[in-house]
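A short reminder: the numbers here are calculations on the coordinates, not readings from a lab. This structure is a prediction, so every number in the text was calculated from the model and none was measured. Here the Cβ positions follow ideal geometry from the backbone for every residue, glycine too, while neighbour counts run over all protein chains shown.
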């Protein structure tokens, strides 16, 4: 028997919440919704019935959305309710609903599916759960793995209300902890093309030039001296399609378990002229080393291409991350975001990411990397919006990027070839690290207005070089040949970091996902941009007491330093049998502007193998930015422990450890006995100083 909305068995709103159909339960929040005035959706059974139903409903327009789950119908506004009622009565329609818009993001269509996620209080009996769901016309599809007493349920034809209203009714019950409808929202790719092409991949390594400053690259060459990546470490790239005929996406053993979630096969090729994004993203992360074209950050790693549906809903996110885990991905690249300014994750989406980050790689966790976004807005915060095209956003506007703020996600912002913030790059306390990309005005894709500049529009030229990467072959992509130099946005910085993670796991596959993040953050370069951003005038380019910048996270990723630290941690159980230390308290003057500098030595008499090392230095100088320090082992192996990056400081009292100075790892395994030297070099004229004292402390094994 079908229950009436007034059936006394149905739950009623108590004092906990006011029952309102316009409220969406999502991610622990209650979000306000508006109905779209001229469109609705249906789920058909069979899907092939679309042509006949179109004749019966006679819409203005129709399209398939949500990865094929739903059909969107556009009708005249005064015909909306009548057309929706007719659809609900049609025998081929299993579900029909209004299309909605978030009040906080009015330019984004929200498509309601017939699924909900319901979490019951612990120890709720099964019969109570059934008795709660059945009167509402809900049937359990499956339990939600990883969260007790939580189920994915479906609104059957017996349901008399849509899932939004049902979720609100359920949230009025004390035994229900969460009730969330499953919504589908379009994906926005996060690239930002420019006009000028540069033939070199400056982001990997460079020695200067126009629009380049020292250290704006990721020091890939030094990382490649250690590893170029292992095929056993698989980088999954989730995107819109991949030109697998491109020579830089091929190689012996390169391709691993390809998947097309849109066409439901194993051939994730582009099918539309606009599907160029994935090929470019993949090239930056894992482009093959083959003496032609471009090279990725991790050319030796395996490549798992996953073509997405183009929409985000609970099922799509679960399938994406569950399949990546099942097929053996170590790193998952997500250079996309929802096409909306406010997007909290649902319980199912949050759980899907957590599950991948904790159970993937046999319990060590998949490394999940997301683009921060290109709107020059906070990942979580409020902005008073003005001067958007078509007044798309106006007034006090909330911003939230649910994927980027997930605690198991590495969120990547963009820096430029000038070591400044990319004008478009999103920012906030959830940014983990930055990586190189192009520079361009901020913009955003909104379904109702397309890709538009964010307000107020930034019209002046933004200096910085573009990113060179693979493009669809035979002129089908961004350019007329097989490569593009116009790629950019946080869609470029994201795969750069993912490639570095692939290199790290290649030298130390035992690292957990959390350890990979910790190393990336600890070894990042603290680039500084003190200029206000040209659009909003904010200044977040310096670091707080915890070493974090809202623009750059913990700094710009340094591939060489990250790989060295990962390799250092790979030494199994470096046993320390004893500790020895030596100091030299004799102060020596440092010659001004002499390449040979001055050396001070200590002698270690103890025998044994170095398994740990620390160096303590006390040094005074009128301008410490002139000074570099190198530790020289008895056999001549050197480690540059301090570069010329101390600026105007005048006193140095520092301890260099394997954690803070990964280059010291090259001294692990050497014989301790002999003369150890510290070389101090003053590299510029005009300021003088002295090495006051220094010492070395070693853990010995063997």
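Annotations
- Between residue 607 and residue 250, residue separation times 0.36 nm minus the direct Cα-Cα distance comes to 123.5 nm.
- Computed over the range 195-270, the P(r) curve from all C-alpha pair distances, binned at 10 Å from the origin, holds 14, 31, 32, 20, 3 percent per bin.
- Crossing angle, helix 314-326 versus the chain [Cα axis fit, 0-90 degrees, rounded to tens]: 40 degrees
- The simple spin-label model puts a point 7 Å past each Cα toward its Cβ; for residue 63 and residue 577 those points are separated by 7.1 nm.
- Order of 72, 29 under a 10 Å beta carbon neighbour criterion, fewest first: 29, 72
- Relative protection proxy for 464-471, 353-360, 290-297, from highest mean packing down: 464-471, 353-360, 290-297 (other beta-carbon atoms within 10 angstrom).
- Per the Debye formula on identical point scatterers at the alpha carbon atoms of the range 495-560, with no solvent, log10 I(q)/I(0) at q = 0.15 Å⁻¹ is -0.54.
- Helix 347-359 axis versus longest C-alpha principal axis of the chain: approximately 40°, rounded to the nearest ten.
- Cα centroid of the range 460-485 to Cα centroid of the range 236-290, whole Å: 17 Å
- Rg and Dmax of the range 410-546, Cα atoms only, in Å: 16.7, 51
- Length released on extending from residue 530 to residue 89, taking residue separation times 0.36 nm less the Cα-Cα span: 152.5 nm
- For the chain, averaging the sequence separation of C-alpha pairs within contact (under 8 Å, six or more residues apart) and dividing by the residue count gives a relative contact order of 12 percent.
- Packing here is the average count of other Cβ atoms within 10 Å per residue, and on that basis the peptides 365-371, 337-343, highest first, run 365-371, 337-343.
- Restricting attention to the chain, close to 80% of DSSP beta bridges with both partner residues there are antiparallel.
- Note on the chain: helix-only mean residue ellipticity at 222 nm, from DSSP H runs of 4+ residues weighted -39500 (n - 2.57) and normalised by residue number, equals -5000 deg cm²/dmol.
- Ranked by the mean number of other Cβ atoms within 10 Å per residue, highest first, peptides 246-252, 397-403 order as 397-403, 246-252.
- Calculated FRET efficiency for the pair residue 55/residue 593, C-beta based, R₀ 56 Å, to 0.05: 0.05
- Here the translational diffusion coefficient of the range 264-303 follows from Stokes-Einstein with Rh set to the Kirkwood radius across Cα pairs; for 10 °C and 1.306 mPa s it amounts to 140 µm²/s.
- Shown for 430, 123: other C-beta atoms within 10 Å of each C-beta, ranked fewest to most, produce the order 123, 430.
- Taking 0.36 nm per residue of sequence separation and removing the Cα-Cα distance, the residue 126/residue 542 pair yields an extension gain of 144.4 nm.
- Annotation: the residues 563, 610, sorted from fewest to most other C-beta atoms within 10 Å of their own C-beta, follow the order 610, 563.
- Using the Cβ-Cβ distance between residue 688 and residue 175 with R0 = 56 Å, the FRET efficiency computed as 1/(1 + (r/R0)^6) comes to roughly 0.15.
- Kirkwood analysis of the range 23-185, using all unique Cα-Cα pairs, places the hydrodynamic radius at 16.6 Å.
- Between helix 277-286 and the chain: long-axis angle, C-alpha atoms, 0 to 90°, nearest 10: 30 degrees
- The range 578-701 has equivalent-ellipsoid semi-axes of 25, 14, 12 Å, by the square roots of 5 times the alpha carbon gyration tensor eigenvalues, sorted largest first.
- At R0 = 60 Å, FRET efficiency that the Cβ-Cβ distance of residue 35 and residue 200 yields, to 0.05: 0.70
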